[in-house]
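Reading through the C-alpha cells given below for one structure.
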Amino acid sequence: MKKFKLQKNVLLIFLLVMIAVSCYMGIPIRPLLTDMLIRLPMNGVFVLSLLPMLNAGMGFNFGMPVGIIAGLISISTVMNFEITGVKGFLCVLLLTILISFVFGRIYGRILIKASGTEEITGNFLGLSIIPLSCILWVTIPFDNPVMVFPIAGKGMRPKIGLEGYFDKIIEKIFQIKIGGMMIPVGYLLCFFIVCVIIYIIFKSNIGQNMLALGENEAYCEIMGLQSNKIKMTAIVLSTIIAGVGICFYSQSYGYLELYNAPKAIAFSAASALLIGGCTEHNGNILNVIVGTLIFHGILVFSVPLANELVATELTEITRSILTNVIILFAMFKETKKEKNVEKA
Amino acid sequence: MLKKLKSNRIPLLFIILSVIGYIVSGMSLNFVMSEVVTRILRNSVMVLSLIVPIIAGLGLNFAISIGALAAQTAILFVLNYGLEGYPALLAVVLLSTILAVAFGYVIGAILNRVKGREMITSIIIGYIGISIYQLIFMVGFGTIIPATNEKLLLKSGLGIQHVVNLESLGGIIDDCLKFEIWGIKCSVLNLVIITVVSLFIFYLLRSKLGINMKAVGESMDKSQSLGIDVNKMRIIAIIISTVLAAYGQIMYLQNVGMLSVYTAQSNREIFSSAAILAGGAGIKNANIRNVFLGLFLFHFLFIVSPLAGQTLFSSVAIGEYFRTFISYAVICLAIIFNVKENI
C-alpha cells in the first residue's frame, strides 16, 4: 500500500514545485487556482465513472465513449427542441440516464462475453462506437441553426457553442469571491452530491456485491451470487455516470464537442484515478478527488509555464506523456503483485 | 464444413461487405484492382510484421507504430544530412534497423513485465512513443539536434515542418525496374522485398527459433520447464516485429513520396491489425496466407466504401466512417472470439 502512496506524493511535490515556480516567474496564480477548483467537478465525474467497473474486478473502463456519446446525443436532442436554462439541463440529465442505460445494457452484453479481457475489448468497443456516432452526426435530421452547418443545412458542426442554452449553468450557481479567487461553491456542492450518491450505492447491497466480485469471482459464484448480473449492473452504472460526466464537462467548457473528441477522455480519467492512489482492483471516492485535483492541477499550471519557457504545443504532448506513463507504471505494479500472490 | 465456416467467419463477412460495396459503388473492376494492388505492395511488409508476435503468444502488437517512428526518424536524419539516391536509402535502412532493434528490445522488456495484458500495454507504449517523437521533432530539432538542412526547419527555426518532401527517396523502390501489366504498375525490387520478407518469416517459423516461439505461445509454463528462455523468445519476437515494421514504413513512405512528420504513423497499427484479422488470422494464430488475403479484402472494402456511401446516402463521409468502424470492430470481434475459444 505504501508504494502506491509514493507515486501520489511525487506528483504532489511536482505540483507544488510548479506552483512555486509560477509564483517566482510572476504568473498570477489566483485565476489558475480557481481554474483548478473548477476542473475538479468538470472532470471528476468521468473519474468517478471508472469506480463501479474497477471495483467489480473489470479493470479500467476504456469503453467510456459509450456513455459519453449517450450524453452527447441527449444534449443535442434537447438543444434541437430549444429547451433552455435549468429546465433544459434537467431534461438533458434525465434523457442521458435513459439513453446511457440502454447503451450500457448493450455494451455490457458484449463485454460479459469477453470476461478477462475487459480493458482491451472495452477500448476497441469505445473506439468503434465513435465512427458510428460520426455517421449519426452526419445524418441526424436536426435543424437548429446553432448546431448544423450553415450552408449545407444538415450535419452537425464539430464544435457547438452552448451559449443561451446550458453554458456554465451549474458552474454559476452560488459563486463566492474571496481575495481575487472565485470559488464555485454550488458547482462543488453538485459534484459532492454525485459523490455521495455513488458512496451510498457502494454501501448498499448492490455495491457490496460488486466489491465482493472484485475480490474473488470464484468465491462469489460459490456463495450463490450471479456474477454476470452484478457485472452488468456495474457496467450500466459506469456508463450512466460517464454520460452525466459529459453533461458536467460540456456545460463548464461551454462547447459541445462531437466527432472524434471523446477518444482520449478515458485515458486521462484512468490516469487521474491512479494518481489518486487507487489499486487496479479497488478505488474509492477520496482517490477520485485527490487524483483529479493533482492531475488537473499539473495540467492547469503547465500551460502558462510552457508558454513562458518553451513552445505552446508542449502542453498537449506533456498531458499525453504524463497520462500514459502513469498508466504504464500501474500495469507494471499490478502484474508484479499478482505474481507475488501466485508464489504465496 | 461447419467448423471451417466458423473459423473463416471474419473473411466471409469481409467478402460479403466488399461484394455489396462493389456493386453499389459501380466502380470499374480494373480501377479497383490497380488501387488494391498498389496498396498491397505499399502495406504488406507492415502487416507481415504482425505475424511473429502473434505466434509467440503476445497477441496483436500495437507497438508497431514505434517501428514506424524508427523509420521516420531515420528518414528525417538522412534528409537532414543531405544524402541522395541509393546511398540515402541504404543509410535509412541501416539507421532504422539500429533504432528498431533498440526500441524493440525496450518494448519486449516492458511487455515481459505485464504478461497477460500485452495488447493494452502495447497500445499505451505506442501512445507514449508518439508523444516523445513529437516532442523531439517539435522542440528538440534545431536546438539540441543541429539542423544542417535548413529546408526542413519551420520559419521560427524551432521544430520540423509538418510535411517534408522525400525528394530522391520518393519512389526509389517503386521506380527500380518497373513494369506494367493490365494497367497495374509494379516494380521488380518491390516484389523481391516482399517475397524475401515472406520467405524469411516462412522459414523462421520452421526453424528451431520459430518452434521455440510457438511453444512459448502455446504455454509459457510448459516451455519454461522444457528449458526454453521464455523472456528471451518474447523479446526476439518483438524485435523482429519492430524491425519489419520499420521497413514497412519505409516502403509505405517511399510510395507516398512525402512524409507528414507528425501524423504519418497514426492508425498504421490499427489498419494493419484489422487487415491481418480480415484474412482470417486470430489473436493466437496467423500465417502468410492470412496476410495477403486480408490485405486484399481489407483494401478492397476500403476503396469501395466511400463511393458506396456516396451512392447510398449521398455522402462520402459516411463510407469513410463506416470503414473506420469496421477496422475497430474487427479487432474487437477477434478478441471476443479468442476468449470464447479458450473457454
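The values are calculated or read from the model by the stated rules, or taken from the named source; none is laboratory data. This structure is a prediction, so every number in the text was calculated from the model and none was measured. Every residue, glycine among them, receives a Cβ derived from its backbone with ideal geometry; neighbour counts consider all protein chains shown.
For (1) of a type outside the set (A, V, I, L, M); (2) farther than 23 Å from A:ALA266 by Cα; (3) surrounded by 14 or more Cβ atoms within 10 Å (Cβ to Cβ), each residue gets a yes or a no:
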| residue | (1), (2), (3) |
| --- | --- |
| A:LEU136 | no, no, yes |
| A:MET147 | no, yes, yes |
| A:ILE176 | no, yes, no |
| A:PRO184 | yes, yes, yes |
| A:ILE193 | no, no, no |
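Residue count for the stretch A:119-133, restricted to those that are facing another protein chain (nearest Cβ under 7 Å) and either under 14 Å from B:ARG117 (Cβ atoms) or within 18 Å of the chain's Cα centre (by Cα) (or both): 7. Restricting B:VAL164, B:VAL216, B:VAL230, B:VAL192 to residues that are at pLDDT below 85 and either hydrophobic (A, V, I, L, M, F, W, C) or under 23 Å from the mean Cα position of the chain (by Cα) (or both) narrows the list to B:VAL164.
Within the stretch B:76-98, track down each residue that is loosely packed, with under 12 Cβ neighbours inside 10 Å and in a loop (DSSP other than H, G, I, E, B). Hits for the stretch B:76-98 are B:TYR81, B:GLY82. On the given criteria, is B:ILE326 touching a residue at least 40 places away in the same chain (Cβ under 8 Å), within 11 Å of chain A (Cβ to nearest Cβ) and assigned to a loop (DSSP other than H, G, I, E, B)? Answer is no for this residue. If A:ALA269 meets every condition in (1) within 13 Å of chain B (Cβ to nearest Cβ); (2) at negative phi; (3) at pLDDT 85 or above apart from one, which number is that one? Tallying (1) within 13 Å of chain B (Cβ to nearest Cβ); (2) at negative phi; (3) at pLDDT 85 or above, A:ALA269 fails exactly one: (1).
Listed conditions (1) within 14 Å of chain A (Cβ to nearest Cβ); (2) among the β-branched types (Val, Ile, Thr); (3) in contact with a Gly (Cβ under 6 Å, 6 or more places away or on another chain) are all met by B:ILE276, apart from (1). Return yes when B:TYR262 is in contact (Cβ under 8 Å) with a residue 24 or more places away in the chain, crowded, with 18+ Cβ neighbours inside 10 Å and closer than 16 Å to B:LEU41 by Cα and no when it is not. Against the criterion (in contact (Cβ under 8 Å) with a residue 24 or more places away in the chain, crowded, with 18+ Cβ neighbours inside 10 Å and closer than 16 Å to B:LEU41 by Cα), B:TYR262 does not qualify. Looking across the stretch A:250-266, the residues that are over 9 Å from the mean Cα position of the chain (by Cα) and either polar (S, T, N, Q) or crowded, with 20+ Cβ neighbours inside 10 Å (or both) come down to A:SER250, A:GLN251, A:SER252, A:LEU256, A:LEU258, A:ASN260, A:PRO262. Would it be correct to say that B:LEU152 is out of contact with any Lys or Arg (no Cβ under 7 Å at 6 or more places or on another chain), more than 14 Å from chain A (Cβ to nearest Cβ) and closer than 17 Å to B:ALA68 by Cβ? Criteria not met by B:LEU152. The condition (being assigned to a helix (DSSP H, G or I), surrounded by 20 or more Cβ atoms within 10 Å (Cβ to Cβ), free of Cβ contacts under 8 Å to residues at least 24 places away in the same chain and in contact with a helix residue (DSSP H, G or I) (Cβ under 9 Å, 6 or more places away or on another chain)) is satisfied by just one residue among B:SER273, B:SER223: B:SER223.
For the stretch A:167-178, state whether one or more residues are more than 29 Å from A:THR84 (Cα to Cα), outside any loop (DSSP other than H, G, I, E, B) and modelled with pLDDT under 90. Yes - at least one qualifying residue is present in the stretch A:167-178.
Among the residues of the stretch A:298-333, those identified as at pLDDT below 75, more than 8 Å from chain B (Cβ to nearest Cβ) and either farther than 21 Å from A:ARG30 by Cα or surrounded by 14 or more Cβ atoms within 10 Å (Cβ to Cβ) (or both) are A:ALA306, A:THR312, A:THR315, A:LYS333. The numbered conditions (1) in contact (Cβ under 8 Å) with a residue 12 or more places away in the chain; (2) more than 7 Å from chain B (Cβ to nearest Cβ) are all true for A:ILE106 except (1). Take the residues in the stretch B:281-306 that are crowded, with 23+ Cβ neighbours inside 10 Å and not hydrophobic (A, V, I, L, M, F, W, C), then tell me which one is farthest from B:GLY57 (Cα to Cα). Looking at the filtered set, the residue picked out is B:SER305. Looking at A:VAL102, is it over 18 Å from the mean Cα position of the chain (by Cα) and assigned to a helix (DSSP H, G or I)? Yes; evaluated as a whole, the condition is true for this residue.
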